[in-house]
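Asker: One structure coming up, written as structure tokens, with questions to follow.
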Amino acid sequence: SGIDEFNLMSDLARGKKYYASRNYYHFIRPGAVRVATISEDEELTLMAFKHDDHQTQTVILINAKNEEVPVSLQIEGMEIKEPFEVFISSAMENCAFKGQRNADEVIVLPARSIVTLHAGGSVLNRD
């Protein structure tokens with residue numbers, strides 16, 4: 001396919017790195033500000049961003065474990081709009097839309113995945 005560890009795409013073919021990157025650049029738009037976050041699990045990375053002009057919030061969770069992990073969100077300093085739209089990139093999915101979840105619901109992160117939660121405003125074209 002021409003896709004290797006150094007590129008996101010080859011011609012029109014999209015690689016896994018393209019979809020992993022899409023979990024960020026598609027949802028975190030210029031002007032967004034990162035909100036301080038803490039994860040008690042060293043194999044679970046958490047990042048949160050808010051964009052006041054667009055009135056959006058984006059939370060990105062990276063599960064580096066080889067097993068799924070249930071997560072409850074508690075983010076100080078960010079009024080969470082509900083519901084979140086959920087997008088998942090994993091070995092089996094490519095930034096796939098997985099429906100909506102409320103901020104107070106437990107979210108199960110698949111093994112070795114990137115999960116993006118986006119609330120408020122609309123995202124760009126989902127294709």
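Asker: Identify the single condition in (1) open to solvent by 20 Å² or more (accessible area, probe 1.4 Å); (2) over 13 Å from Leu117 (Cβ atoms) that Pro83 does not satisfy, given that it satisfies every other one.
Answerer: Failing condition for Pro83: (2).
Asker: So, in region 21-57, exactly how many residues are part of a strand (DSSP E or B) and crowded, with 16+ Cβ neighbours inside 10 Å?
Answerer: Qualifying residue count, region 21-57: 9.
Asker: If Asn94 satisfies every condition in (1) buried (at least 19 other Cβ atoms within 10 Å of the Cβ); (2) part of a loop (DSSP other than H, G, I, E, B) but one, which is the exception?
Answerer: All conditions are met except number (1).
Asker: So which residues in region 18-53 are farther than 23 Å from Glu68 by Cβ and among the charged types (D, E, K, R), if there are any at all? Give the steps one after another, and end with the answer.
Answerer: Restricting attention to region 18-53, the residues satisfying the condition of being farther than 23 Å from Glu68 by Cβ are 18, 25-26, 28-36, 49-53.
Matches in region 18-53: Arg29, Arg34, Lys50, Asp52, Asp53.
Asker: Now for a separate question. Quick one: in region 58-70, of everything that is open to solvent by 50 Å² or more (accessible area, probe 1.4 Å) and not polar (S, T, N, Q), which residue is farthest from Leu117 (Cα to Cα)?
Answerer: Glu67
The values are calculated or read from the model by the stated rules, or taken from the named source; none is laboratory data. Just so we're clear, the structure is a prediction, and the values are computed from it rather than from any experiment. Cβ atoms come from the backbone with ideal geometry, glycine included; neighbour counts cover every protein chain shown. Please note that ligands, DNA and RNA were not included when accessible areas were found on the heavy atoms of the full protein model with its side chains. Shrake-Rupley method; radii C 1.70, N 1.55, O 1.52, S 1.80 Å.
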